[in-house]
1. Going by what's in this entry, would residue 36 be described as within 25 Å of residue 287 (Cα to Cα), touching a Leu at 6+ places or on another chain (Cβ under 6 Å), of a type in the set (S, T, N, Q) and modelled with pLDDT of 85 or more?
2. Of the residues 73, 84, which is part of a loop (DSSP other than H, G, I, E, B) and surrounded by 14 or more Cβ atoms within 10 Å (Cβ to Cβ)?
3. Would you confirm whether or not the stretch 148-167 contains a residue that is farther than 30 Å from residue 93 by Cβ and of a type in the set (A, V, I, L, M)?
4. For the subset of the stretch 1-26 comprising residues that are hydroxyl-bearing (Ser, Thr, Tyr) and open to solvent by 70 Å² or more (accessible area, probe 1.4 Å), which member is farthest from residue 288 (Cα to Cα)?
5. Would you mention how many residues in the stretch 117-131 are open to solvent by 30 Å² or more (accessible area, probe 1.4 Å), in contact (Cβ under 8 Å) with a residue 40 or more places away in the chain and either among the aromatic types (Phe, Trp, Tyr) or over 16 Å from residue 105 (Cβ atoms) (or both)?
6. Under 8 Å between Cβ atoms, at least 6 apart or on separate chains: pull out the pairs that start in the stretch 251-270 with a residue that is farther than 18 Å from residue 95 by Cβ and open to solvent by less than 40 Å² (accessible area, probe 1.4 Å) and end on any residue that is at pLDDT below 80 and hydrophobic (A, V, I, L, M, F, W, C).
7. What are the pairs, 6+ residues apart or on separate chains, where a residue within the stretch 217-242 that is free of Cβ contacts under 8 Å to residues at least 24 places away in the same chain and under 19 Å from residue 258 (Cβ atoms) has its Cβ under 8 Å from a residue that is assigned to a helix (DSSP H, G or I) and of a type in the set (Phe, Trp, Tyr)?
8. Among (1) within 23 Å of the chain's Cα centre (by Cα); (2) under 22 Å from residue 206 (Cβ atoms); (3) charged (D, E, K, R), where does residue 124 come up short?
Amino acid sequence: MNTFERFKQSYFLFSFKRDPIAVISATIFSILFIISMLAPVIAPHDPYDMATIDILDAETPPVWMDGGERRFLLGTDIQGRDLLSTMLYGLRTSVIIGLGSVVLQSVIGIVIGLAAGYFGGKIDNFLMRVTDIQFSIPYLIVAIIIMAVLQLALGMGAFEKFAMPRLIIIIAVSHWPCYARTVRASVLGEKNKEYVEAARVIGLSSRLIMYRHILPNCLTPVLVLSTIQVAESIMSEAALSFLGLGMPISQPSLGSLIRAGFEYIFSGSWWITIFPGILLVVFTLVIILFGDFLRDVLNPKLYKG
């Protein structure tokens, strides 16, 4: 039986098809993810092409309102950029930041969690105290400190130029303790099992035992956590951008779009903030709902279906 046949008969697929919320959330997520990655192809306008942007088009309302134009379906922002196109590009930016930060924070957290759980003793105590300190500091404080250091080291020009990798690093550094705690707990439950003892008996190094034998058996909670952390990272990017600490307005993300239009929301140009805000809420909500489904299915003790 090949892999595809096994998947068709798996408990995961059976549970997925029986859960309408999981099906709907996965479908919406897939559609939004695909259109965000295809933004340069399907977007009606290019928000990065200054030659096609006219400041006289600024704050044009959506097409169904008085003063709306057919070429701007959802209206324009304060710079005259087509809001629909800018939202698609902004969603792509937010998704890249979310996925990139999750990859980086998972690597950091897995390495620290594996070392703490496997070696125990003083190493475990030291690494977990560092984790506790990180947990006790709000991520906004960490973000402000890192941004101040980077701005001083890079200068303002490079600081703006490397906004995306900067945010990926900041969010990852702020959120890795979740992975460290999760992996450590899993390692503590695995390291004394017979297959690990057998690996020690035949002389395998601690590094091989940790990464080749223990880690694969700890990936289920990591997968579930990663799903939730993608949504958390996207929300963190939006929060930082809203506070002026994230993406600049010239490089649209959902957070920077919400921030750019917030001061105009009560002056009549509500669409600049409301539409990106709705897209952000929907996108993160479907990720969280699908993450809840994964948690229930992959953890039989929690599953009630």
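1. So residue 36 passes the test.
2. Values: 84 fails: part of a loop (DSSP other than H, G, I, E, B).
Testing whether each residue is part of a loop (DSSP other than H, G, I, E, B) and surrounded by 14 or more Cβ atoms within 10 Å (Cβ to Cβ) leaves just 73.
3. Looking through the stretch 148-167, none of the residues is farther than 30 Å from residue 93 by Cβ and of a type in the set (A, V, I, L, M).
4. Filtering the stretch 1-26 for residues that are hydroxyl-bearing (Ser, Thr, Tyr) and open to solvent by 70 Å² or more (accessible area, probe 1.4 Å), the one farthest from residue 288 (Cα to Cα) comes out as 3.
5. Residues in the stretch 117-131 being open to solvent by 30 Å² or more (accessible area, probe 1.4 Å), in contact (Cβ under 8 Å) with a residue 40 or more places away in the chain and either among the aromatic types (Phe, Trp, Tyr) or over 16 Å from residue 105 (Cβ atoms) (or both): 1 in total.
6. 260/249
7. 242/262
8. It fails just one condition, (1).
The values are calculated or read from the model by the stated rules, or taken from the named source; none is laboratory data. Predicted model only: the values in this text are computed from it and were never measured. A quick note on method: Cβ atoms are made from the backbone with ideal geometry, for glycine too, and the neighbour counts reach across all protein chains shown. Heads up: the accessible areas ignore ligands, DNA and RNA and are worked out on the full protein's heavy atoms, side chains in. Shrake-Rupley method; radii C 1.70, N 1.55, O 1.52, S 1.80 Å.
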